[in-house]
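Right, I'll just put the structure down here and ask away after.
The values are calculated or read from the model by the stated rules, or taken from the named source; none is laboratory data. Please read all numbers here as calculations on a predicted model, not as lab measurements. Cβ sites come from the backbone with ideal geometry, for glycine too, and all protein chains shown count toward neighbours.
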C-alpha cells in the first residue's frame, strides 16, 4: 500500500529512529508499504521517517540505474549489486571510507530540490534484513550514496544539512515554500 511521503517541515524527519527490536508483522507490512511508496515515487531509497515512523529502518533499490553505477562487495568478493536488490536495512551500522566524492542528490521529502553533496565514496554496512538475518557488504557509487543518505534520515539528518552554505542560500526560497506547505498541511490535520 502506498503511504504519504513526509515532506520537509514535518518534525518526524528530525527524529532519530528507535531501534527495531523485533520484526513483527507490522514491521513486515511497513517494509512492503515502504517499497510500494518508493517505487511509486521513482526513488532509490526511503527511510521510515519519510513515511512518518521514527525507526531504524530503510529500504533501497538501485536496480536499472545505469548512468550512476553502483558497486558492491560481499565477504570481500565483488558481486553484482542488482542481484542483491532490493535491500532492507534494519538497525544499520556504517563505517564510511575516507575518500569523498561530490555528486548530485535529491530527496523524496524535498520535491524538485537537487544539489551536489559531498559524501564518502564507499561505505561498509552491517544491518539486519526483514527476516532478521545479518547482512554485511561494502558499497560504492550510487549504492553508497543511497545508503549514506538513508542512514542520515535514520539519525534525523537531512541532505540539506550536508549542503554548502552557498547552495542552501540559493535554495532557500524553495526550502521555505516546502516547509510552509508542510506546516499548513499539518495544521489542517489537527
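What number of residues within the range 1-14 satisfy the criterion of being surrounded by fewer than 17 Cβ atoms within 10 Å (Cβ to Cβ) and either free of Cβ contacts under 8 Å to residues at least 12 places away in the same chain or not in a helix (DSSP H, G or I) (or both)?
The total comes to 4.
If you don't mind, there's one more thing I want to ask. I'm trying to understand the selection: among the residues of the range 98-124, which are farther than 12 Å from residue 148 by Cα and outside any strand (DSSP E or B)?
Hits for the range 98-124 are 98, 99, 108, 109.
Specify which of the listed residues (116, 161) is in contact with a helix residue (DSSP H, G or I) (Cβ under 8 Å, 6 or more places away or on another chain), loosely packed, with under 15 Cβ neighbours inside 10 Å, within 19 Å of residue 16 (Cα to Cα) and modelled with pLDDT of 95 or more.
161
Would you confirm whether any residue within the range 130-148 is touching a helix residue (DSSP H, G or I) at 6+ places or on another chain (Cβ under 7 Å), assigned to a helix (DSSP H, G or I) and closer than 30 Å to residue 75 by Cα?
There is at least one residue in the range 130-148 that is touching a helix residue (DSSP H, G or I) at 6+ places or on another chain (Cβ under 7 Å), assigned to a helix (DSSP H, G or I) and closer than 30 Å to residue 75 by Cα.
So, in the range 55-97, of the ones that are outside any strand (DSSP E or B), touching a strand residue (DSSP E or B) at 6+ places or on another chain (Cβ under 6 Å) and closer than 21 Å to residue 117 by Cα, which residue ends up modelled with the highest pLDDT?
Ranking the qualifying residues of the range 55-97, first place goes to 62.
In the range 64-94, which residues are free of Cβ contacts under 8 Å to residues at least 60 places away in the same chain and within 15 Å of the chain's Cα centre (by Cα)?
Within the range 64-94, 85, 86, 87, 88, 93, 94 qualify.
Here is a follow-up. Kindly indicate which of 26, 21 is under 15 Å from residue 127 (Cβ atoms), out of contact with any strand residue (DSSP E or B) (no Cβ under 6 Å at 6 or more places or on another chain) and free of Cβ contacts under 8 Å to residues at least 12 places away in the same chain.
Matching residue, one of 26, 21: 21.
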